[in-house]
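Asks: The structure follows.
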């Protein structure tokens with residue numbers, strides 16, 4: 001522990017009264033001794049339940065990864081991030097309460113305050129922006145949401161290793177597979193109607 005003052009007196013190079021021995025000791029999480037497999041983090045109440053089978057978890061922020069037990073390869077940065085996670089693996093949450101409800105879900109990524117907050121067991125989702133994906137079902141998988149609100153995403157999609165299964169939608173339009181136009185020559189109307197199905201144009 002650094003040589004910090006006990007009573008809040010200023011430390012050279014810091015803001016007066018902010019950094020003290022007491023505040024540092026409160027902030028640094030003491031992971032149980034059996035949890036020695038590259039877990040590291042800081043924040044009151046964070047990472048407190050990590051057990052021997054947990055591995056390579058990283059967190060920063062109060063109550064981050066508070067309920068994690070045997071989860072692995074999770075990264076949580078911000079107040080309450082991955083708060084409910086227990087055994088999930090490979091999740092990354094950045095921003096206050098991002099992926100806060102995930103329990104056993106894995107490989108989810110969320111950037112933004114409250115992003116992906118409704119997901120619990122879902123996997124392989126990507127949420128970008130404030131409250132992006134907050135209206136998704138708890139078990140949603142492979143969803144892409146880019147938004148700055150919970151209701152109307154700028155871009156929404158379904159991701160897949162198979163191109164034919166991928167879906168995309170713009171401006172609040174529900175994701176759909178790639179439009180197809182049959183025939184040797186396509187009219188302007190056909191092209192416009194195809195683009196309209198994924199929300200890129202509006203045909204009047």
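Asks: Suppose the chain between residue 177 and residue 162 were pulled fully straight at 0.36 nm per residue; how much longer would it get relative to their current alpha carbon spacing?
Replies: 4.3 nm
Asks: Which order do the peptides 41-48, 158-165, 122-129, 78-85 take when ranked by the mean count of other beta-carbon atoms within 10 Å per residue, highest first?
Replies: My ranking of the peptides, most packed first, is 78-85, 122-129, 41-48, 158-165.
Asks: Right, here's the next one. Taking 30 Å as R0, compute the FRET efficiency from the Cβ-Cβ separation of residue 52 and residue 124 and round it to 0.05.
Replies: 0.65
Asks: Continuing with the same structure: Just grab the label-to-label distance for residue 204 and residue 139, each label 7 Å out from Cα along the Cβ direction, in nm (one decimal).
Replies: Those two pseudo-labels are separated by 4.5 nm.
Every number in this text was worked out from the coordinates using simple rules, so none of it is lab data. The model shown is predicted, which means the values in this text are computed figures rather than measured ones. Here Cβ is always computed from backbone atoms with ideal geometry, including for glycine, and neighbour counts include all displayed protein chains.
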